[in-house]
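Working notes, structure below.
Laboratory data are not the source of any read-out in this text; all were calculated from the coordinates shown. All values reported here derive from a predicted model rather than from experimental measurement. Cβ placement follows ideal geometry from the backbone for every residue including glycine, while neighbour counts extend to all protein chains displayed.
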Amino acid sequence: MLMTERDRLAAEIAGLAEKLGRNRTSLIPILLEVKRKYHTIDSYAMQVIADLLAIHPVEVNSVVSFYAFLGDRPQGKYVIRLCRTLSCDMAGKSRVRRQLENDLGITFGETTADGKFTLDWANCMGMCDQGPALLVNDRIHTRVTPESVHEIIETCRRAFGVHAAEAKEVVFK
Amino acid sequence: MSTLPTYAAQIPEAGLKAALAKDRPAIIAEVTASGLKGRGGAGFPTGVKWNFAAASQAARKFVICNADEGEPGTFKDRVILQEHPDLVFEGMTIAARAIGAREGILFLRGEYAYLRGHLEGILARRREQGLLGPAILGSALNFDIRIFMGAGAYICGEETALIEALEGFRGEPRNRPPFPVNTGFLGFPSIVNNVETLAWAACILANGAPWFRLVGTEKSTGHKIFSVSGDCSRPGVYEFPMGITVTELLRHVGGEGAKAAQIGGASGQCVPAKDFGRTLAFEDISTGGSVIVLGPQRDMLDVLRNFQEFFVDESCGQCTPCRRGNTKLLEGLELLSEGRCSMAYLRELCALGETMQVASKCGLGQSSANAFLSVVEHFREEIMGRIPSHV
């Protein structure tokens, strides 16, 4: 990482800690924010957070590795989480999975080479009566069909156009 | 599709006003008299829980709303939070008055992040209306609520794991006792109640305990909100009296002809068609409200494998019976699918399941073998001696 990037990240995390509180109870809120913005929580970020909260970095790492929405693995700008639990499974999640993999050229657990998309599983996300369901970052899609997968992905891709910054905020707040 | 008649009929803040007119023991007495039990599935009497926390003289106390709705097949709390959030916040405020708390936390699961903006808006409006903050409705009550986002862990629905997450740790359940009502968030007395429980508490204060006891059974009073999904023509959220039979419920949701119903989610039990005369109540089939209807075409091994993969993924790994037990049960299911499981080994797996029920540390491990054991009990003929499709 560039020195300037490091400084920027450290300053950003310090700002977050100031806003959310410099104590251990803010650890998960801080980590969620870092993940949302940087799509990864690398060892440098963990070190900075540990210093600010006066805990050992291994404590931060242990929390990061525990939760499904954290994790130190770099993810794409859009994380697509398909529900794999029984009701969505019975509603046809396997075909949606196949189409997602076909359209993105990756398998579940992977990120596209351009860093835009990650495919991941989710356990029951509470949309059992409207399955198959998937989350694109924080946005929920229900009754997804193999055919509608294309439009979901295209909506994300369009957000990378000329007005990427604004569009991203509008579409995936 | 979603009908919440008695919820929708509530007069806004009637419960809160009634609570403010009562002293603290009277509020708890009303909730206790109603017989309200924890709607997340555990069924602990709410009034008793509040009373424990109220008895403490600690400097700080917390009211925590458990919106970490992760049990497979459960989505009623999402609907309640979307359509009746005021009722939940009202219930939290009443609980705060009852136990003497000034701080409330809504623990919202990460998967429901899209609800957050809506809920923050409701909280802001309640502050403006004087329903949160200092001197609520001109009384001496001082209480506010903040939202804490979960980070994706089923285990955080367990109350001590939830508190660990709030404190910034891995969501690993604690030994109980001490219970959160004595030593909860940051060591202070805390009550952790399900979304639906708090909403009912508000209704009970508004209408009185006898109103709540009008329906239900002796041991399971009142209505319950059910999340129905699977092989039925009208899936969705339903409100039924406690003690309804499975047959009756299936008729309402268009699930007649089902082969079985998975009740209580992955940690619940698989009820075969011959037992559909049984009732949904704490004394018979206890449930947090999840009903997954399984049609005649469903392969029970596929159902079990789905649940078992879920538990292997979601076990926090802290205690051995749950961490290893779930993996062994999943391996056993592979053998069954391949038709290579002897009866002796199946018995051994069942014994392992029973060990997990008694030896695991928390509710996840204790209940994760339920589905396996009930399917083996009722569908042995279907799952034994399989001939794999590739042979």
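Residues whose amide H comes within less than 5 Å of that of B:ILE105, counting only those at least five positions distant or on another chain, are B:VAL63, B:ILE64, B:CYS65, B:ARG146 (H built at 1.01 Å from N in the peptide plane).
For the range A:26-35, the Karplus equation 6.51 cos²θ - 1.76 cosθ + 1.60, evaluated at θ = phi - 60°, returns couplings of 8, 4, 5, x, 5, 4, 5, 5, 4, 5 Hz by residue, with Gly and Pro reported as x.
So for the range B:223-294, Kirkwood radius off the Cα pairs, Stokes-Einstein at 37 °C and 0.692 mPa s: how many µm² s⁻¹? Working shown, then result.
Numbers: Rh = 11.5 Å.
D = 285 µm²/s.
Along the charge dipole of the protein assembly as shown, pointing to its positive end and built from +1/-1 on Cβ of Lys, Arg, Asp and Glu, which listed residue (A:CYS128, B:LEU36, B:GLY171) has its Cα farthest out? The listed residue farthest towards the positive side: B:LEU36.
With loop defined by DSSP as not H, G, I, E or B, and exposure as at most 16 other Cβ atoms within 10 Å, which is the longest segment of chain B clear of exposed GluC sites (Glu not before Pro)? Don't skip to the end; give the middle numbers.
Details: sites that count: B:GLU167, B:GLU218, B:GLU256, B:GLU283, B:GLU338.
Result for the longest clean stretch: B:1-166.
Coupling constants for the range B:229-235 follow from the phi torsions by the Karplus curve (6.51 cos²θ - 1.76 cosθ + 1.60, θ = phi - 60°), and in residue order they are 8, x, 7, 8, 7, 10, x Hz; glycine and proline get x. Springs between Cα atoms under 10 Å define the GNM used for chain A, and in it the highest mean-square fluctuation of A:LYS116, A:LYS19, A:LYS35 occurs at A:LYS19.
Counting Lys and Arg as +1 and Asp and Glu as -1 over every other residue whose Cβ lies under 11 Å from the Cβ of A:ASP129, the net charge comes to +4.
Sorted from fewest to most neighbouring beta carbons within 10 Å, what does the list B:VAL63, B:VAL358, B:VAL303 look like? Don't jump to the answer; show the numbers that get you there.
Details: B:VAL63 28, B:VAL358 9, B:VAL303 23.
Sorted ascending by nearby Cβ count, the order is B:VAL358, B:VAL303, B:VAL63.
Between B:THR74, B:GLY130, B:LEU346, the Cα set farthest toward the positive side of the dipole of chain B (charges on each charged residue's Cβ, about the Cα centre) is that of B:GLY130. Of the trypsin sites (Lys or Arg not before Pro) found in the range B:96-126, no site is in coil according to DSSP while having at most 13 other Cβ atoms within 10 Å of its Cβ. Residues whose amide H falls under 5 Å from that of A:ALA122, counting only those 5 or more places apart or on a different chain, are A:LEU82, A:CYS83, A:ARG84, with hydrogens built in the peptide plane. Within chain A, antiparallel bridges make up roughly 55 percent of the DSSP beta bridges whose residues both belong there.
By how many degrees, between 0 and 90 and to the nearest 10, does the Cα long axis of helix B:46-55 differ from the longest principal axis of chain B? So the inclination is approximately 50 degrees. Projected onto planes of every orientation and averaged, the convex hull of the alpha-carbon atoms in chain B covers 18.7 nm². Dividing the C-alpha radius of gyration of chain A by 2.2 N^0.38 Å, with N its residue count, gives 1.12.
With the biggest extent put first, the Cα atoms of the protein assembly as shown measure 75, 68, 42 Å across the principal axes.
The loop-placed GluC sites (Glu not before Pro) in the range A:1-59, going by DSSP, include none that has at most 16 neighbouring Cβ atoms within 10 Å of its Cβ.
Entry for the range B:300-379 at q = 0.25 Å⁻¹: log10 I(q)/I(0) = -1.22, Debye formula applied to identical alpha-carbon scatterers, no solvent contribution. Across the range A:131-145, rounded Karplus estimates of 3J(HN,Hα) from the backbone phi angles (6.51 cos²θ - 1.76 cosθ + 1.60, θ = phi - 60°) give x, x, 10, 9, 10, 10, 6, 9, 9, 9, 10, 10, 6, 6, 10 Hz, Gly and Pro being marked x. For B:GLY150, the residues whose amide H sits under 5 Å from its own are B:LEU108, B:ARG109, B:GLY110, ignoring neighbours fewer than 5 places away on the same chain, with H placed 1.01 Å from N.
Quick check: net charge around B:GLY363, other residues with Cβ under 14 Å of its Cβ, Lys/Arg +1 and Asp/Glu -1? Present the calculation step by step, with values, prior to reporting the outcome.
Values: positive: B:ARG174, B:ARG176, B:LYS361; negative: B:ASP68, B:GLU71, B:GLU158, B:GLU159, B:GLU172, B:GLU314.
Net of charged neighbours comes to -3.
Cα extents for the range B:5-212 along the principal axes, largest to smallest and rounded to whole angstrom: 41, 36, 31.
Order of B:VAL253, B:VAL88 from fewest to most other C-beta atoms within 10 Å?
Details: B:VAL253 23, B:VAL88 27.
Ordered by Cβ neighbours within 10 Å, fewest first: B:VAL253, B:VAL88.
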